Each structure stands twice: as structure tokens, then as C-alpha cells.
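Below is one structure, written out as C-alpha cells; the observations come after it.
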2 protein chains.
Amino acid sequence: MQLLPGFRDFYPEDCARRNYIVATWREVARRYGFVEFDGPMLETVELYKKKSGGELVGQLFDFTDKGGRHVTLRPEMTPTLARMVIARERDYKKPIKWFCAPQFFRYEKQQKGRLREFGQLNCDLLGESSVAADAEMVALAIDMLREFGLSGDDFVVRVSDRDAWKAFLDAHGSFDEAALGSFLQIIDKIERDRPEAVEAKLAPFGISLEAVRAFIADPGTHFERFNSLAAELDARGLKGYYQLDPTIVRGLAYYTGLVFEVFDRKKTLRAVAGGGRYDNLMNAMSDGKSTLPAIGFGMGDVVLSELIEAIPVAAQKMKAWIAQRHAADVYVVIANDARRIDALGLVQQLRGLGFRVDYPLSSVKVGKQFQSAEQAGARFAVVVGDEWPQLKLKTLATREEALISPDELPARLTSVVHKTV
Amino acid sequence: MQLLPGFRDFYPEDCARRNYIVATWREVARRYGFVEFDGPMLETVELYKKKSGGELVGQLFDFTDKGGRHVTLRPEMTPTLARMVIARERDYKKPIKWFCAPQFFRYEKQQKGRLREFGQLNCDLLGESSVAADAEMVALAIDMLREFGLSGDDFVVRVSDRDAWKAFLDAHGSFDEAALGSFLQIIDKIERDRPEAVEAKLAPFGISLEAVRAFIADPGTHFERFNSLAAELDARGLKGYYQLDPTIVRGLAYYTGLVFEVFDRKKTLRAVAGGGRYDNLMNAMSDGKSTLPAIGFGMGDVVLSELIEAIPVAAQKMKAWIAQRHAADVYVVIANDARRIDALGLVQQLRGLGFRVDYPLSSVKVGKQFQSAEQAGARFAVVVGDEWPQLKLKTLATREEALISPDELPARLTSVVHKTV
């Protein structure tokens, strides 16, 4: 009877935090005109084998189902998105702006910021190859984090461009797509690997570590796309939220052109978000039937939670949201058991009007009922007892009391309770 | 690149319907003072083997993971709930009122109302064995469906009591728990099986089909619990939403006492919801460490969707909710490309204030931008063009136009746009 390693139980207090994150993601995505979609939790392994690249396939929770199909829990969203868009591309106006925020599964070594089941926001924009689309996506990632109460002092978007590395590689000889992939994997690990190891891996390309470092330090005009992006972001007032970082190349094979990752400023956490262009994926997955260019990013809930908890303003914002959504509005105190039937009618009526109402299921002393009311975070207690057919309405924070008729009660509560229906 | 059989893609229009259902479930559960929890999508097979009974284990999506663990996609929530509550029972005040609305997986024959991945609301109340708790749960199930715009003409809760059948069986001889289980399975299928088949299955018990039918038609005083429940429900004004039906016994082995299922009145669909008491499960799963009595129910999204679509009032309510949540508030029309930078600043500002704003990512004719605005369901278009630094604010439904300064715009929009943040 044990939880599996790398998986999470969401007790109410944990679930509230997850709900806050997902609700905020949804809210900001919708402000940007993105609509939500989702796919199945289980897909054929085939869907990932061709497109996601080797590393991910080694991390699949895959198995043969009772019908003999080789299936897997989904490790990411992009292949599902591509499958869905290719099947019904004509039904949707372009650009397609879709998001989702479901669960994913990867059999990885469990460590800080990395679990085997995780929630992840995915935002994708298909059918638009302009830098305006790139800016829309980077701005969306920034605004997502700002909505959590995080600022440019807390995080930064590091932007790069695979095309710039392609040009660099071309300038050092002629290389095919496969070589570019291997080369980018070296760059991906350049900050973590020992210099000698990097030198050894670069040797087959006839390129020195020094040359790579020189390019990173002074990439010259190879990052035009970044400069155009910067102009768009600055027009939105987002200077200070992003920077050029040529070493960002992203792990998955299908990225083309612009790529970016979001990190905490202190660099104590893993990437909070990451994404980029994948202009060839739709084409490759549809055997040429779809040619939509695309850009997307993902933002996982594990690292984001760690960042929110680490920044007091953000943690406080989360706490306030949760308190507001989870408190009861009214606790109906049954002070005289002979009035239980009347109390039930009142409970039913108030709930029917949209109020959050709790009451004692069994005969409990009045003092204990008031304790329950406070534990439920109720703003008001309504006492059904000897005053019937009058009620006692008590504001719990101030201890103010007033006699009120059942008919007046709904209007009185409506005027003070902020409903979040 | 095919969707697996029994699984669903949620295109935006499908996802909106699912979101409506989940949001409504959450809203009503919270009115009843239930708090949300969740568990992992994957559990050990062991968790289900002992407790859920044979049929469910045969329907598991189970496999051996890369660490050699025998794991399964969760087929239901109750074992996870029991595991979680047993681990931290002392941390939560009683009664524990928890709900969740996640995905579940069963390898079943695909048919109308039954898929291999489905969403299901689960509401459970632990630590209270009174009929008041039973009434709270049945009322919750009823109010869930009423909130969808369904009435007592559309659905009915059919209530029974396993204890009444136990008494019936005892009156016909002495039987153990295992015999009760087998007997209830006969009752479960009594309306579907041929009479001769039922007779044959009843033979080992020495009970005739006639005797069973007589008990169903006139169960006498054996359903006291139902009568107490009825009194509580009537006090809430819920007469007409429920009825006694002794043939309801529920499939899973762990139910005790009160059980109920919700059906559409026309009886053309499968059960919309079902649940009951499971007063012994916590004890059995914790080897006696926890003794919390419990009652819970589940409500799946597949049959519920079918019912909503079949009832015009309910379908219309869903449609209105979706339209209100998914429309853009404002479409920013860029009438002069030289003002693109100014438009971007405006877009950013309005989104920062919580408005849903769309705009053209590339240079597009003004007429086509207005088309996009209408497709996005926007109420307003704000035209950035030759009038700059003035803006043209256009109400799309009435075609009214007004010149307005960028400073005045937010206040003007706030006064008319209903934000759902």
C-alpha cells in the first residue's frame, strides 16, 4: 500500500496549490486568445519513436495492452498535438493557438525538480512563422510567471537560435542534419561537462572548444532573429525579462530556429519552462500533408512550485488565492435539535443559491459547532435554534450578531459574499 | 498515428464541454463543503487486488515498469483514497469530505457510454455513519445534476440497502460474506438475465425467483434506512428525485449498507452515477488501524455528457457557459502598420489587466481583422490607426463607434466586460 516512487499524492492542501497553478495558467492563456485542448493519457509508442528522439523513448512507461498494442503513457504533448492538428487542420482558422495543462509520465531518476508524473502547461501556436509569433509566445511565458507574482528579479528567459549554430557549423565545414543534432547535444552540455570531455566530443567536427567559446561570447550578426524578437518584446514593455544565451539549444530533436528556456535568477533550480520553433515537425509527421510552421513551450508544475515557494510575494499570492477559494461562506449552527429539519431546508436553499455551506451531520454541542465553523473558514454562522422562525446571523471575525428572518438571509449574504462561480 | 480505441481526443470544442462538467462538479462539491484531493495516475496492482474484487482486476491496464514493479493505471479512486486517508487520518478533522474529478482507465469492451479512459467525479465522506451523512451524499448527487439544468423529470436516484438483502438471505438460511457477494451478483443482473438463468443461479441458495420477486415488490420493513433517508431528503425539498429500488446492489465487493445509482428517467442510458456505504473498507485495508465508516459515489463524464446533450435545457446551459468563458473581450485591429509597436503596448496593457485580447500577428487587411474579431467572439474591437493617439472603440454587436484615448480605455472596458478571473 505504498505510493510509487516519483509519483505524488495530492492531499487537499497540495491539490489546492496544483489547482492554483492550473487556474492561473488557464487564465493567462485565455487572455492571449489560446483555447484549451487535450488528448488521451495513453498513445501508441509508434507516435514517439519517430519524432521525439532517442532519450525520451528510453524513459517511456510503455507496455503491451490486453489487445496486444504497444502503448505508452504520454511523456510529452507535441506528438499528440501534431497528430490531432494533422487530422483536422482544415477545421480550424490559422494561427491555431492551443494550450493544455495535463499530466505526463517519464521513467527518470527521481531528483529535485524532476518526478515521474508531472503536470505541464503546453502552449502552441501553429500556422505563423513570423517573429511576431515568437514574441507572442515568449511574452505569454513571461506573463504566466508574472501572474504568479514573479518579476524580472526572480526569473529570466534565455533565448537562442538553432539556425545560428547551423550557420556556425556550416562555416566550419559541411554538415548534415544528423551532425547538427550531435553537435547541439555537445553545446547543450557545455556548461556541465569538463572542458577536456567537450574537446574530445568536438574533435570529429574539427572544431575547437576555443572557437565555440568565442562564438558564444561574440555571436556577431548570427542572432538577427533574437534582435527582432527583442524589439517586439520591448514594445510590450518586457525589457529586463529576457537575454540572449547561445548555449540554450533544447534537448528534443524536432526543434528548429528559435529556442528558449526560463530559469530562476539564482540558478538554483532546473528550467521553469522551455520551448522553441518546430517548423518541420508537422511536415515530417504528416508525410508532407501539413506544412504548418509552429512554435510552442512547456512549463512544468514541479519546478514552478519550487520557485513560487522560494519567492515570498509569490507564495503569499498563492496562499491568498487558496484561502479565498476554499473557505466556507456560511456555517449553519443547529442550536436546537428539534429544528434540524428546518436547518436542512435552509442549508439546501443557501447551497442552491451558490453559497458554500457546512453544518453538523450529527448532534454536536453549539460551542463545537462554532469551532467547526472557524475551521471551515466560514465568514458567517447562522444559528437555527430557539429564536426560530428568526435566525441569528453572526459575523465570525467581529462576533457581531443580528436577528434576521430566513427570507431576508439570502439577500443579506449576497451583498457581502464574493461568489466565485 | 492513430488514437487508441476507447480513448478520446479533446479538440477545443470537446475540451470546453469537459471543462464545463468538471467546473460544475467542483462548484457544487465546494458548496457542500467538500475539498478536492487527487492521487497518482499509476498505483501498484496490489492496491486493487485485495479490495476491488475480481472483475475490476481483469480490466486493469497493468504492466511491469522499468524498475520491475507490477503497476497499473488507476481503474477507480476508492483504494487510493483509502491508502491516503489511512496514512494521515489524524491530520484531518472528521468527517472528512473529499472529492476529486480525474481520469480513470479500464480495459473494457468499447460501447455506448463506456470508454477505456474516462473522467469521473468522486465524492467521499468518511468518519460519519449516520443517515444524515447518507442524505448529504444523495443530496449532493442530486444537486450536481440539477446544477447541469437537469430536473426530477430527467433523472432519478434509485436507492437500496445491501443490509436488507442480507436480512432476506439470513431469513432463508445461514450464509457467510462470500455467499452474500455471490447472491448480490445474481440480484445485480436480475433485470437483464433470462428468468431460467436466474432460477439456476439461485438454486444453490435454496431460494426461488418467486421469493426474490415477492421481496422486491414488497420489502416490508427491511428498508428502514431508506425511510430515514427519505425523511432527510424531503426536509431538503428533494421529494421526487429518488425512489426505493431493491434491485440496485452495485458491482464492487466493498459496499455495505446503503447503495444507490442514478439513472435517466427514460432508461436509455447506463447509470449516470452510483455509490454507497463502505463501512468496512478502511478497516480491512489498514488491518484494523483505521475504523472510519464511509460513504461515497462516482459520476462519470461519458454518460453525463450523453444525458446533458439529450435534454435541451441542459444542453443550452452548457452552450451558454462555454460561449461566455471562451469569447475574447477585445480584438485589437491594427489599421496602420506604422502603429504596430503602439498596438503591441496596448495589447500587453489590456492583457495585464485581465482582459482577453487577440490581435493580428501579421499584416492583414482591416476587413479580415474584423472577421477574425467576430470569429474570436470579441465584444469590442479597438482600432489602432490614423486616429492615433486616439483609438476607435467599436462595439461589434451594435457597430457603434467612439473615439477614445488609450488612458480612458481600461476603465471603459472594465465597466462593461464581465471578468471571470
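Each reported figure results from applying straightforward, stated rules to the coordinates on display, with no laboratory input. Keep in mind the model is a prediction, meaning the values are calculated, not measured. Note that each Cβ is placed from the backbone with ideal geometry, even for glycine, and that neighbours are counted across all protein chains shown.
Report the Cα centroid-to-centroid distance between segment A:196-223 and segment B:296-311 in angstrom, as an integer.
Centre-to-centre (Cα) distance: 60 Å.
For segment B:139-247, what is the charge dipole size about the Cα centre, in debye to the nearest 20, if Lys and Arg each add +1 at the Cβ and Asp and Glu each add -1 at the Cβ?
With Lys and Arg at +1 and Asp and Glu at -1, about 80 debye.
Within the set A:K66/B:K109; B:K112/B:K266; B:K189/B:K266; B:K109/B:K266; A:K109/B:K50; B:K109/B:K201, which residue pairs have Cα atoms separated by over 21 Å?
B:K109/B:K266; A:K109/B:K50; B:K109/B:K201
What nm distances, shortest first, do you get from the label point of B:G345 to those in the other copies when the point sits 7 angstrom along Cα to Cβ?
Shortest to longest, the spacings are 6.3 nm.
If the viscosity is 1.306 mPa s and the temperature 10 °C, what Stokes-Einstein diffusion coefficient in µm²/s follows for segment A:47-170 when Rh is the Kirkwood radius over Cα pairs?
Using the Kirkwood radius from Cα pairs, D works out to 91 µm²/s.
Using Cα pairs closer than 8 Å and at least 6 residues apart in sequence, work out the relative contact order for segment A:12-320, in percent.
Once divided by the residue count of segment A:12-320, the mean separation gives 23 percent.
Considering every pair of different Cα atoms, what Kirkwood radius, in Å, is found for chain A?
Mean inverse Cα-Cα distance, inverted, gives 24.9 Å.
Can you tell me the relative contact order of segment A:20-72? Whole percent, Cα pairs under 8 Å, sequence separation 6 or more.
With pairs under 8 Å counted, the relative contact order is 31 percent.
Name the chain B residue with the Cβ nearest the axis that maps B onto A: which is it, and what is the distance in angstrom?
Nearest Cβ to that rotation axis, in whole Å: B:F63, 2.
Out of B:P360, B:P102, B:P219, any idea which swings most in a Gaussian network model of chain B, alpha carbons joined below 10 Å?
The residue with the greatest mean-square fluctuation here is B:P360.
Name the residue from B:W25, B:V45, B:P406 whose Cα lies farthest towards the positive end of the charge dipole of the protein assembly as shown, charges +1 on Cβ of Lys and Arg and -1 on Cβ of Asp and Glu.
B:P406
When only C-alpha pairs under 8 Å and at least 6 residues apart count, what is the relative contact order of segment A:1-148, in percent?
Value for segment A:1-148: 28 percent.
Taking the Cα centre of segment A:248-344 as origin and charging only Cβ (+1 Lys, Arg; -1 Asp, Glu), how large is the dipole, in debye to the nearest 20?
240 debye
Grab the beta carbon distance between B:Q390 and B:V364, set R0 = 25 Å, and tell me the FRET efficiency rounded to 0.05.
0.70
Just how far, in whole angstrom, is segment A:99-118 from segment A:123-177 if you go by their alpha carbon centroids?
22 Å
Looking at chain B as a GNM with Cα springs under 10 Å, which of B:L244, B:L396, B:L145 has the largest mean-square fluctuation?
B:L396
Taking the Cα centre as origin and putting +1 on Lys and Arg beta-carbons and -1 on Asp and Glu beta-carbons, what dipole magnitude results for chain A, to the nearest 20 debye?
Computed about the Cα centre, the dipole is about 840 debye.
Among B:V35, B:V357, B:V22, which one shows the highest mean-square fluctuation when chain B is modelled as a Gaussian network with alpha-carbon springs under 10 Å?
Top of the fluctuation ranking is B:V357.
For B:K392, list the lysines whose Cα falls under 29 Å from its own Cα; do not include residues on the same chain fewer than 8 positions away.
Once the sequence-local lysines are set aside, what remains near B:K392 is A:K93, A:K94, A:K97, A:K239, B:K365, B:K368, B:K419.
For the protein assembly as shown, just the Cα set please: Rg and Dmax, both in angstrom.
29.7, 93
Under a crude label model (7 Å from the Cα following the beta-carbon direction), how far is B:D407 from B:E306 in nanometres?
6.2 nm
Taking a point 7 Å out from Cα toward Cβ as the label site, list the nm distances between A:A284 and the same residue in every other copy, smallest first.
Ordered by increasing distance: 5.1 nm.
Could you please state, rounded to a whole Å, how far the C-alpha centre of segment A:252-276 is from the C-alpha centre of segment B:22-41?
34 Å
Once the dipole of segment A:231-380 is set up with Lys and Arg at +1 and Asp and Glu at -1 on Cβ about the Cα centre, which of A:T291, A:L304, A:Q371 lies farthest towards its positive end?
Farthest towards the positive end: A:Q371.
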